Amino acid sequence: MSDKSSEKDQALMEKIVSLCKRRGFIFQSAEIYGGANGCWDYGPLGAELKRNLKDYWWRKNVQEREDILGLDGSILTLESVLEASGHLGGFSDPMCDCLLTKARLRADEIDPQSGTSYHYTGASHEESGWSVERPYSVLLSENQDENKARKTARLYYSQFLSDKQISPKKLELAGESTEEVTDSTSYNPENGSLLTAAREFNLMFKTKMGASADENDPKGTAYLRPETAQTIFVQFKNVVDSNRVKLPFGIAQIGKSFRNEINPRNYTFRSREFEQMEIEYFCREEDGMRLTDEWLETRLSFYEEIGIPREHLHVLDVPDGERAHYSKRTYDIEYEFPFGIQELEGVAYRTDYDLKKHREHSGKPIEFFDDEAKEKLLPHVVEPSAGCDRTILALICEAYDEETITDDKGKEETRIVMRFSPRMAPIKVAVLPLLKNKPELVAKAREVQSMLTPFMNVFYDETAAIGRRYRRQDEVGTPFCVTIDFETLGENGDEDKDTVTIRERDSMEQRRIPISELREYLLDAIV
Ligand code: ATP
């Protein structure tokens, strides 16, 4: 990406973040207390948008399918479940700290760097007799002045001074030597300072269950689940025993997951608390690879149905060595966010790994009896696992648009439009009486509003000029505005009586439609 385009993308992201706050889509959690890093609250419009997404996902994947059942599991998860799944031992990221600024970085995300490394053995301050001995290094790229290394090293050693009045500039560095390094990830790309060695950092939030004081009580420790999938595996037998199912079939769940991410970033993209929409689709082993490919297509179509076009999605066939060790095939579905192409969803063939692990650790027989083949087996599983918050962010980025329009007086202005698909739009229709001081207009508008509210989210607005009210709705992506005017009241003759003006957001076209047809018209557009 060129500097120019990345600056443009950054500016676009800033506009999106600002609109989300201004219009009530997304707020930082606990903002008035300084903000909780990696946690976000959805405001009134964000909550509607999220609900529309989750409802549509549930409808397409559970209600409209005979082969998928729903589940809604608890968030608090016993340690034994996560021990079996491997999260207790292995759900971690390698992490290192900058020795100078203490910034924490993900070791596997540091770009390799080359240059000259300046090594030191310690520092001293002659006047006070103070000294410290510990190795430290600074990496300089080709064109940097060697004094930069010395300045950084003095700053580093000055942390150990007990007398904070002493200026770092007064420190004498000891044992300077240099070395050429290539492709090293041991230095902070921001300032060249040496990093600590990488340590594994478990990403799970741990908590205590009940009042048990016994540290070793296996039921006294719980975790906030790091993924929704494990509940599905743990409840596999109960779901099978309480329903008539035959292979292949799936269990679907939407719910919160928690990961203590080292670097929450890119707005809501990497959060510590987020929602997942996951399906575990159980099948016979011989169907695993084929169904993985089929699910990929089904999921790509889903994104198109909610307004994310195929050309903005990328599919990464995760190569050998980069997939989870138990996965025979994994596709990452990625979206072109303004901050880069990043993962929205993973579609993974997980073999029978999870059920096997839970059978082994729980000691319970959780096999499935295949009535048709008359055999007991442990099914394999394909997992389409989508992030709800990441999809919301993609919907918002995709919808944001600015266009220059010319008003009636020939004046140019910028129109901000959120081009949400009507299916996802938080407000489906705005009902607007032309004037608020005409009781007949207001009464009729209220009547139209009440007629529509049982079926969709309706917004009523009577303040400001009609043009301004349209703009406000454009900015939050309302696909239709319905205006009640004097023609509605029959003042221009019977022909237009009980008709309203319906204005379409994207084309800004307006046409008249009888009130009696309004509900049907809108329902067809938003279903
Ligand atoms: P990443 O590589 O981005 O950390 P992942 O591969 O670990 O993601 P999975 O464990 O496959 O993610 O989780 C499935 C989906 O859950 C992801 O595709 C993403 O949409 C969502 N997800 C995972 N971690 C986060 C997070 N920290 N914040 C928001 N969504 C997340």
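So for segment 456-516, considering every pair of alpha-carbon atoms, how many percent are separated by more than 13 Å? Everything past 13 Å amounts to 63 percent. Summary value for the chain: 12 percent relative contact order, contacts being C-alpha pairs under 8 angstrom separated by 6+ residues. Can you run the Rg to Rh ratio on segment 117-161? Use alpha carbon positions and the Kirkwood inverse-distance Rh. Taking Rh as the inverse mean 1/r over Cα pairs, Rg/Rh reads 1.02. Taking a ≥ b ≥ c as the square roots of the eigenvalues of the Cα gyration tensor, an a/c ratio of 1.5 or more together with a/b no larger than b/c marks segment 355-396 as oblate. Working value for segment 393-445: equivalent-ellipsoid semi-axes of 28, 21, 6 Å, each the square root of 5 times a Cα gyration tensor eigenvalue, largest first. How would you classify segment 217-278 from its alpha-carbon gyration tensor, with a ≥ b ≥ c the square roots of the eigenvalues: rounded for a/c under 1.5, else prolate if a/b is greater than b/c, otherwise oblate? It is oblate, given that a/c is not under 1.5 and a/b is not larger than b/c. Normalising the average separation of contacting C-alpha pairs (under 8 angstrom, six or more residues apart) by the number of residues puts the relative contact order of segment 21-142 at 12 percent. Available extension along the chain between Val239 and Asp370 is 45.7 nm, counting 0.36 nm per residue and deducting the alpha carbon span. Highest-first packing order for the peptide set 223-229, 317-323, 397-403 is 223-229, 397-403, 317-323, based on the mean count of other beta carbon atoms within 10 Å. The simple Förster model, with R0 at 45 Å and r as the Cβ-Cβ distance, assigns Ile405 and Trp130 a FRET efficiency of 0.10.
Counting neighbouring beta carbons within 10 Å and listing from fewest to most, the residues Phe249, Phe91, Phe25 come out as Phe91, Phe249, Phe25. The Val181 and Asn263 beta-carbon pair, evaluated with R₀ = 30 Å, returns a calculated FRET efficiency of approximately 0.75. Between Leu435 and Leu316, what is the FRET efficiency for a Förster distance of 60 Å, r being their Cβ-Cβ separation, to the nearest 0.05? Once the sixth-power term is evaluated, E becomes 0.60.
Residues of segment 109-133 falling in the label zone of Ile166, defined by backbone nitrogen less than 16 Å from a point 7 Å along Cα to beta-carbon, are 121-133.
When all alpha carbon pairs of segment 331-370 are counted in 10 Å bins from zero, the resulting P(r) reads 25, 27, 21, 18, 9 %. Between segment 457-491 and segment 310-324, the alpha-carbon centres lie 44 Å apart.
When only alpha carbons are used to place a centre, segment 427-452 and segment 360-425 end up 34 Å from one another.
Residues Met95, Met277 in ascending order of nearby Cβ atoms (within 10 Å, fewest first): Met95, Met277. Once both labels are positioned 7 Å from their Cα atoms along Cα-to-Cβ, the gap between Glu360 and Glu304 label points is 4.1 nm. Across all C-alpha atoms in segment 276-427, the radius of gyration and Dmax reach 21.2, 78 Å. Per-peptide packing, taken as the mean over residues of other Cβ atoms within 10 Å, places 50-61, 453-464 in the sequence 50-61, 453-464 from highest down. Think of it as helices only: each DSSP H run of n ≥ 4 in the chain is worth -39500 (n - 2.57), and spread over all residues that comes to -8500 deg cm²/dmol at 222 nm. Taking the centroid of alpha carbons for each part, segment 230-287 and segment 165-220 are 33 Å apart.
Pairs of lysines in segment 139-297 whose Cα atoms sit within less than 27 Å of one another amount to 15, provided the residues are eight or more positions apart or on different chains. Computed over the Cα atoms of segment 296-372, pair by distinct pair, the Kirkwood hydrodynamic radius stands at 14.9 angstrom. Label separation (Ser74 vs Arg468): 5.3 nm, computed from points 7 Å beyond Cα along the C-beta direction.
Beyond 24 Å, how much of the Cα-Cα pair distribution for segment 343-502 remains, as a whole percent? So the portion of pairs separated by more than 24 Å is 59 percent.
By the Cα gyration tensor, segment 221-323 has an equivalent ellipsoid whose semi-axes, rounded to whole angstrom, run 25, 23, 14 from largest to smallest. Across segment 315-408, the relative contact order, built from alpha-carbon pairs under 8 Å that are at least six residues apart, equals 23 percent. In this simple spin-label model, placing a label point 7 Å from the Cα along the Cα-to-Cβ direction at both Glu517 and Ala324 gives a separation of 5.2 nm. For the chain, the square roots of the Cα gyration tensor eigenvalues, ordered a ≥ b ≥ c, give a/c of at least 1.5 with a/b no greater than b/c, which places it in the oblate category. Counting only residues at least eight positions apart within a chain, or on another chain, the lysines with an alpha carbon under 20 Å from that of Lys497 are Lys436, Lys438, Lys444.
Each value in this text was obtained by applying a stated rule to the coordinates, not by laboratory testing. Since the structure is predicted, the reported quantities are computational estimates derived from the model, not experimental observations. Note that each Cβ is placed from the backbone with ideal geometry, even for glycine, and that neighbours are counted across all protein chains shown.
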